[in-house]
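To start, the structure itself, in C-alpha cells.
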Amino acid sequence: MTPWGEMLRLAAAMGVAPEAFWRLSLREWRMLTQAPRGTAPLGREELARLMEGWPDGG
C-alpha cells in the first residue's frame, strides 16, 4: 500500500505544492527524496570547518 499521506506531508514540508506533487512521476519523487548514492553524511570535522569559514554572526 502506498503511503500517500506521508508522501504528501513530506512534499509539503519540502515546499512542493499539492498540484505539483500529483504531477510528479514516481521516478521524479524518488529523485527528490532519496540521497544520491555514495553520499556520506556531513562529519563533525567538516561541519566545524564550514562553521569557521562561514560564521552566521550570531
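For Arg37, are the conditions met, namely being of a type in the set (Lys, Arg) and outside any loop (DSSP other than H, G, I, E, B)? Spelling it out, it is not the case that Arg37 is of a type in the set (Lys, Arg) and outside any loop (DSSP other than H, G, I, E, B).
Residue under question is Met51, and the condition is that it be assigned to a helix (DSSP H, G or I), farther than 26 Å from Leu8 by Cβ and open to solvent by 100 Å² or more (accessible area, probe 1.4 Å); does it hold?
On the way: assigned to a helix (DSSP H, G or I): yes; farther than 26 Å from Leu8 by Cβ: yes; open to solvent by 100 Å² or more (accessible area, probe 1.4 Å): yes.
In short, yes.
When segment 13-22 is filtered for residues that are open to solvent by less than 80 Å² (accessible area, probe 1.4 Å) and either in a helix (DSSP H, G or I) or touching a helix residue (DSSP H, G or I) at 6+ places or on another chain (Cβ under 6 Å) (or both), the ones remaining, listed by number, are Pro18, Ala20, Phe21. Taking segment 23-33 as the range and being open to solvent by 80 Å² or more (accessible area, probe 1.4 Å) and in contact with a helix residue (DSSP H, G or I) (Cβ under 9 Å, 6 or more places away or on another chain) as the test, only Leu32 passes.
The values are calculated or read from the model by the stated rules, or taken from the named source; none is laboratory data. Given the structure is predicted, the values throughout are model-derived calculations rather than measurements. Methodologically, a virtual Cβ is constructed for each residue, glycine included, from the backbone with ideal geometry; neighbour enumeration extends over all protein chains shown. Surface areas here come from the heavy atoms of the whole protein model, side chains and all, with no ligands, DNA or RNA. Shrake-Rupley method; radii C 1.70, N 1.55, O 1.52, S 1.80 Å.
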